[in-house]
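Chemist: One structure coming up, written as structure tokens, with questions to follow.
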Amino acid sequence: MTQAVSRREVIKTMAKSAVALTVSLAAIKSEASSAERGKRRWAMYFDVSKCYGCMACVVACAAENNVPIGSFRTWVERHVVGDGVIVFVPKQCNHCDNPPCVRPCPTGATFKRDDGLVLVNDDLCIGCGACIEACPYGARYANPIKGVADKCTFCEHRIHLGLLPACVETCPTGARVFGDISDPESVISRILAKTATQRLKLESGAEPMIFYRDLPEVANK
Amino acid sequence: MSYPEYTSGYWYPNNFAEPVIWMPVVFAYSLIISGSALLFIAYLAYMLGIMRRVMSLMLVFGLSMFLVILLGPLADLRAPDNAWKLMIGPRVLPSEASPGFSLIAFQGAIAWPLVALISIVFTLLYFSYPLHLRYMETGNPVYRILSLGVSDERKYAALEKPLKVLAFIGSVLLITWLVYPATLFMQTSNFVWVNSMALPFIFFVEEILMDIAIIVLAIWILKVVKLEFNSIKPFIAIIAIVSAAAIVSLLIQVGTWYFMFGGSPYYLAFTHLYGFISLALILYLIAFASSLLSARYISLSIVASIAGILGVVVSRWNFIVKAQEVSVTGLGVIEAHIPLIEYALIAGIFAIGVFLIIVLGSVFPVGFEFKRGEGL
């Protein structure tokens with residue numbers, strides 16, 4: 001017995017199949033990219049002894065991310081240690097493993113991504129300031145242009161394309177090293193494996209993901 | 001090239017550029033929260049069958065203030081156009097991307113609507129029969145609608161059990177408001193707040209003091225109950241107890257700071273608050289002494305109430321605004337510039353609360369007392 005199928009039905013079925021295939025592929029791709037992202041753990045390493053306070057990173061960050069005047073996603077502190085030696089300590093968001101800024105956020109606008117980046121969803125942020133008050137590192141600010149909380153994203157838009165964060169790329173002395181610490185072959189992993197490092201305010205329980213070499217005690221407050 | 005020279009101490013630049021993130025409207029917010037304590041006391045009093053003569057007053061004042069509570073934080077938001085997203089999608093359950101528990105989400109999007117709903121229903125039921133009587137007097141159909149069909153004393157008396165259930169649920173939910181926003185402050189990294197263990201208790205006793213003082217003043221102004229000492233005796237006793245508790249808790253807090261940080265450079269951060277703490281202590285002492293003397297000179301209860309309210313205002317300004325003038329590092333203090341608009345916003349929010357008190361006070365028969373079998 002033959003069954004008559006109209007041209008209309010054939011086209012309808014084909015269209016449905018195409019849509020289903022596209023949706024499935026998109027889902028698989030997104031799942032794959034999420035899974036791929038989840039394997040990574042971005043971190044940064046600062047060699048304080050190499051930083052001479054040129055502020056190129058601060059300027060590059062401001063230019064790359066349109067940081068408003070008076071606010072800082074990254075900054076460089078100048079400290080005089082006991083013997084009169086001047087040291088420069090770069091600071092920024094620590095993309096903590098246990099981020100204190102995420103906890104008080106009432107809308108989930110501030111969140112921790114599976115690759116460890118702590119980010120802000122501008123569409124959800126109500127600008128309550130709870131995350132700014134909660135950050136023990138003073139790394140967040142209220143963006144007066146956007147009206148939301150703002151901070152370093154590790155230049156998420158650049159690393160997504162395989163580029164380095166603007167501050168790292170600009171640093172003339174290589175004081176900043178960025179990479180994936182879950183990959184034992186990455187540059188940062190190899191440095192961390194053989195270098196004694198310090199992290200800021202560990203007593204806060206935030207588990208910061210920025211590692212310092214030669215961090216003076218006076219800057220760890 | 002130049003590096004910023006800070007006026008004193010160690011500041012992070014973002015913190016230095018804008019030290020006061022939660023502006024004075026949040027201070028006003030913390031005072032308006034007193035409406036929640038008024039409702040709490042009203043519910044407790046209803047369950048225990050006491051203070052029936054001022055129950056209606058506490059409900060009208062408490063509900064009016066509670067309904068405007070969220071205007072404080074709303075005025076403080078940098079993106080108020082996104083505020084509705086908090087109400088439809090509060091983050092109260094932790095997830096992998098958003099671990100932890102957000103007190104703002106719980107208080108704003110869960111506790112506030114629930115308590116507001118319970119309080120509106122409770123107030124309508126509580127005033128139902130008196131509103132029916134008003135309808136009988138005036139013939140105004142609005143009173144008839146608001147009386148919810150409770151047209152006789154028997155029906156009204158039958159509401160006592162449901163009202164007690166509502167009062168119980170409401171009072172449990174209101175406990176979280178009594179210590180808020182002190183509990184929120186403990187979630188931050190503000191150097192003063194995280195090192196002030198007594199803060200929730202200080203806020204709790206100050207809420208009670210503020211509320212009772214408002215009620216005593218309202219009784220004087222509105223002459224709701226006969227002005228004899230016996231009529232306001234319980235309130236005066238509470239003022240004496242809570243002002244003493246406020247004095248003790250502030251002193252304990254100061255002692256704790258000294259014990260923890262005395263002799264270290266961090267201690268300077270706390271001395272920034274000592275001027276206002278001293279002033280608050282003096283005002284609480286006046287409130288305490290004059291409430292004791294009210295037994296002999298009843299008009300001193302006005303002094304006790306005003307001193308109590310002023311003490312809370314000074315203490316709250318200190319713990320909310322001045323505490324933010326301390327660096328996150330604990331090693332710097334600054335005198336922050338507060339824009340004038342903030343003071344206008346504070347006045348505006350209070351004005352809306354007072355407007356609601358006037359509206360609700362004219363709709364509901366404030367001052368009635370119901371005794372079973374005796375009518376109104």
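The values are calculated or read from the model by the stated rules, or taken from the named source; none is laboratory data. Because the structure is a prediction, the values reported are computed rather than measured. Quick reminder, even Gly has a Cβ in these numbers, built from the backbone with ideal geometry, and neighbours come from all protein chains shown. Note: accessible area is taken over every heavy atom of the protein model, side chains too, but ligands, DNA and RNA are not part of it. Shrake-Rupley method; radii C 1.70, N 1.55, O 1.52, S 1.80 Å.
Chemist: Which residue, of B:20, B:60, B:54, is touching a residue at least 60 places away in the same chain (Cβ under 8 Å), part of a loop (DSSP other than H, G, I, E, B) and either within 14 Å of another protein chain (Cβ to nearest Cβ) or not small (Gly, Ala, Ser) (or both)?
Modeler: Checking each option against the conditions leaves just B:20.
Chemist: Here's a follow-up. What tally of residues in the range A:76-113 results from selecting those that are farther than 26 Å from residue B:77 by Cα, within 18 Å of the chain's Cα centre (by Cα) and facing another protein chain (nearest Cβ under 8 Å)?
Modeler: 1
Chemist: Still on this structure, please answer the following. Filtering the range B:65-82 down to residues that are small (Gly, Ala, Ser) and in contact with a helix residue (DSSP H, G or I) (Cβ under 6 Å, 6 or more places away or on another chain), which residue is farthest from residue B:215 (Cα to Cα)?
Modeler: Residue satisfying both the conditions and the ranking: B:75.
Chemist: Can you find, within the range A:45-60, the residue that is nearest to residue A:149 (Cα to Cα) among those that are in contact with a Pro (Cβ under 8 Å, 6 or more places away or on another chain) and not in a loop (DSSP other than H, G, I, E, B)?
Modeler: Here the residue is A:57.
Chemist: Pull up the range A:114-127, narrow it to residues that are open to solvent by 10 Å² or more (accessible area, probe 1.4 Å) and within 9 Å of chain B (Cβ to nearest Cβ), then point me to the one that is farthest from residue B:90 (Cα to Cα).
Modeler: A:114
Listed here are the residues, each with its yes/no results for (1) touching a helix residue (DSSP H, G or I) at 6+ places or on another chain (Cβ under 9 Å); (2) within 14 Å of chain A (Cβ to nearest Cβ); (3) over 30 Å from residue B:72 (Cα atoms).
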{"residue": "B:101", "(1), (2), (3)": "no, yes, no"}
{"residue": "B:109", "(1), (2), (3)": "yes, yes, no"}
{"residue": "B:130", "(1), (2), (3)": "yes, no, yes"}
{"residue": "B:149", "(1), (2), (3)": "yes, no, yes"}
{"residue": "B:156", "(1), (2), (3)": "yes, no, yes"}
{"residue": "B:179", "(1), (2), (3)": "yes, no, no"}
{"residue": "B:184", "(1), (2), (3)": "yes, yes, no"}
{"residue": "B:189", "(1), (2), (3)": "yes, yes, no"}
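Chemist: Give me a count of the residues in the range B:282-301 that are surrounded by fewer than 20 Cβ atoms within 10 Å (Cβ to Cβ) and closer than 30 Å to residue B:255 by Cα.
Modeler: Residues flagged as surrounded by fewer than 20 Cβ atoms within 10 Å (Cβ to Cβ) and closer than 30 Å to residue B:255 by Cα within the range B:282-301 amount to 6.
Chemist: Okay, moving on. Going by the conditions given, is residue A:134 touching a strand residue (DSSP E or B) at 6+ places or on another chain (Cβ under 8 Å) and among the aliphatic types (A, V, I, L, M)?
Modeler: No: the conditions fail for residue A:134.
Chemist: On the basis of being among the basic types (Lys, Arg), assigned by TED's automatic domain parsing to the domain that holds residue A:93, open to solvent by less than 50 Å² (accessible area, probe 1.4 Å) and under 26 Å from residue A:54 (Cα atoms), does residue A:158 make the cut?
Modeler: yes
Chemist: Turning to a different aspect of this structure: Can you tell which of B:48, B:67 is open to solvent by 50 Å² or more (accessible area, probe 1.4 Å), among the aliphatic types (A, V, I, L, M), more than 22 Å from residue A:134 (Cα to Cα) and free of Cβ contacts under 8 Å to residues at least 24 places away in the same chain?
Modeler: After applying the criteria, what remains is B:48.
Chemist: What pairs can you find where one residue is in the range B:149-163 and open to solvent by 60 Å² or more (accessible area, probe 1.4 Å), the other is assigned to a loop (DSSP other than H, G, I, E, B), and their Cβ atoms are less than 8 Å apart, with a gap of 6+ or different chains?
Modeler: Sorted first by the residue in the range B:149-163, then by its partner, the pairs are B:155/B:149.
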